[in-house]
C-alpha cells in the first residue's frame with residue numbers, strides 16, 4: 001500500500017494502476033506519478049510492470065523448455081522432462097485435433113501461448129499485496145503483477161494471432177480467395193456490401209473477443225482478490241482460499257481456451273469454407 | 001484501459017517467443033518424443049517376433065525329440081530283429097556243425113568197424129589154419145594151402 005490508510009476506492013484504484021513510463025504532455029519522458037498523469041501520456045507510454053513480468057515469465061518458459069529441449073533424450077525421460085513432455089504432448093494433440101493444414105508454426109505457437117498465458121495467469125495466485133508491497137519498499141509505487149489483467153498484453157497476443165491468421169489466409173487462399181471469402185458469402189455476389197459488413201465484423205470480432213475474454217476473466221479474478229484483501233483479516237482465509245482454488249480452474253481454462261481458439265482460427269485461415 | 005505502446009511491445013515479444021520456440025524448443029522435444037515412440041513400438045514388435053520365434057523353436061525342438069524317439073524305437077526294433085537273426089543263424093550253424101561231427105564220427109566208426117572186421121578175418125584165418133593144423137596133426141604146407149585159406153577168409 002502506498003499510503004498508510006487509503007480509502008477503499010483508492011486502494012482498489014491503486015492496485016489497478018500500472019507502472020507507467022512514458023512521454024509527458026509537456027515533453028520529456030519519465031514515470032507517471034499518478035493515474036491521471038499516466039492517462040495524460042496517451043499512446044506514448046509503456047506499462048513497465050506488464051512488459052517486465054510478461055517478458056520475465058516468457059523467458060522463464062523459454063529457458064525451462066530450452067534447457068529440456070537441449071538434453072531431451074529418447075530414452076527414459078526424467079523428472080522435469082516428463083512434465084514438459086506432458087505439456088508438449090497435450091498441445092501437440094490439441095493441434096492435431098484442431099488444425100488440419102500443413103504449417104510448422106502453429107504447434108510451437110500454441111505451446112508458447114498455452115504456457116506463457118498459463119504462467120502470466122498464475123501470477124494471479126500470488127497474494128495481491130505481496131509484490132506491490134515489496135516494490136513499494138524499493139520505492140516503486142505502482143506494480144500490477146498479472147500481465148493478463150492488462151488489455152495491452154492480451155490484445156497484443158490476440159492481434160498478433162490475428163495478423164498471422166490474415167497472413168496465412170492470404171498465403172493459402174491468395175488475395176482473391178481471401179477477399180472472396182469476405183465478400184461473396186453468405187448471400188452471393190448481389191449483396192457484396194452486406195456480406196462485407198457481416199464478414200468484416202466477424203473477422204474483427206475474433207481478435208477483440210479473444211483478447212478481451214482473457215483480460216476480462218483475469219481482471220475479474222484479480223478484482224475479487226483485491227476485494228477479499230479489503231475484508232477483515234479473519235475473513236480473508238475463508239474467502240481467498242476457495243476463490244484461489246476455484247481460480248486455478250480459471251487460470252488453466254483461460255490459457256487453454258486462448259490456445260484452442262488460436263488453433264481454430266489458424267485452421268480457418270488454412271481451410272476454405 | 002489505456003491502450004499504448006505496451007501493446008506493440010507485447011506483440012513483438014510474442015512473435016520473438018514464437019520464433020524461438022519454433023526453432024529451438026519444439027523440434028527437439030517433439031523429435032525426442034517421436035524417437036522414443038518409434039523405439040517403443042520397435043521394442044514391442046521385436047518382443048512379439050521373439051515370442052513367435054520362441055514358439056517356433058519350441059515346436060521344432062518337439063519335432064526333433066519326437067523324431068529322435070521314433071528313430072531310437074526303430075533302432076531297438078532293428079537290433080532285436082538282428083539279435084534274433086544272429087541267434088537263429090547260430091542255432092543253424094550249431095546244428096550243421098553237429099550234423100557234420102556226427103557224420104564224421106559215423107564214418108570213423110564205419111572205418112573202424114571195417115578195420116576190425118579185416119583184422120578179425122585175418123585172425124580167424126590164422127585161427128582156422130591153426131585149428132586145421134591141430135586137426136590134421138600134421139604140418140600143412142602153408143604155401144600150398146595159403147591160397148585156399150585166403151579164399152575162405154575172403155568168403156567170411
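The rule of thumb for compact globular proteins, 2.2 N^0.38 Å, goes into the C-alpha radius of gyration of the protein assembly as shown 2.71 times. Helical content of chain B, expressed as a calculated mean residue ellipticity at 222 nm, amounts to -33500 deg cm²/dmol (DSSP H runs of 4 or more residues, -39,500 (n - 2.57) each, divided by residue number, nearest 500).
Averaged over the residues of A:16-23, the number of partner chain Cβ atoms lying within 10 Å of the residue Cβ comes to 2.
Summary of packing: across the peptides A:245-258, A:152-165, B:122-135, B:19-32, the per-residue average of other C-beta atoms within 10 Å ranks them, highest first, as A:152-165, B:19-32, A:245-258, B:122-135. If you fit an axis through the alpha-carbon atoms of helix B:142-155 and take the longest principal axis of the Cα set of chain B, what angle between them do you get, 0 to 90°, nearest 10? Compared with the principal axis, the helix lies near 50 degrees. Shielding value for B:33-46 is 2, the average number of Cβ atoms from other chains within 10 Å of each residue's Cβ. For region A:91-206, the relative contact order is 13 percent, taking Cα pairs closer than 8 Å that sit 6 or more residues apart in sequence and dividing their mean separation by the residue count. Angle check, please: helix A:79-98 long axis (alpha carbons) against the longest principal axis of chain A (alpha carbons), in degrees 0 to 90, nearest 10. Value to nearest ten degrees: 40. In this simple spin-label model, placing a label point 7 Å from the Cα along the Cα-to-Cβ direction at both residue B:85 and residue A:250 gives a separation of 10.4 nm.
Using the rule -39500 (n - 2.57) for each DSSP H run of four or more residues, divided by the residues of chain A, the 222 nm mean residue ellipticity is -24500 deg cm²/dmol.
If R0 equals 41 Å, the separation of the Cβ atoms of residue A:140 and residue A:90 corresponds to a calculated FRET efficiency of about 0.65.
In chain B, the longest principal axis of the Cα atoms and the axis of helix B:5-20 are about 10 degrees apart.
Note: relative contact order over region A:1-72, using C-alpha pairs below 8 Å and six or more positions apart, is 25 percent.
As a length-normalised measure over Cα pairs under 8 Å and 6 or more apart, the relative contact order of region A:147-273 settles at 37 percent. Model label sites at residue B:8 and residue B:120, defined 7 Å from Cα along the beta-carbon direction, differ in position by 16.4 nm.
Ordering B:97-105, A:18-26, A:125-133, A:74-82 by mean Cβ neighbour count within 10 Å, with the highest value first, yields A:18-26, A:125-133, A:74-82, B:97-105. Here residue A:224 and residue B:35 are evaluated by their C-beta separation; at R0 = 35 Å the FRET efficiency comes out at 0.15.
All of the numbers you see were taken from the coordinates with simple rules; none came from a lab. From a predicted model like this one, the values you see are computed outputs, not experimental measurements. Don't worry about glycine lacking a Cβ; one is built from the backbone with ideal geometry, like all the others, and counts go over all protein chains shown.
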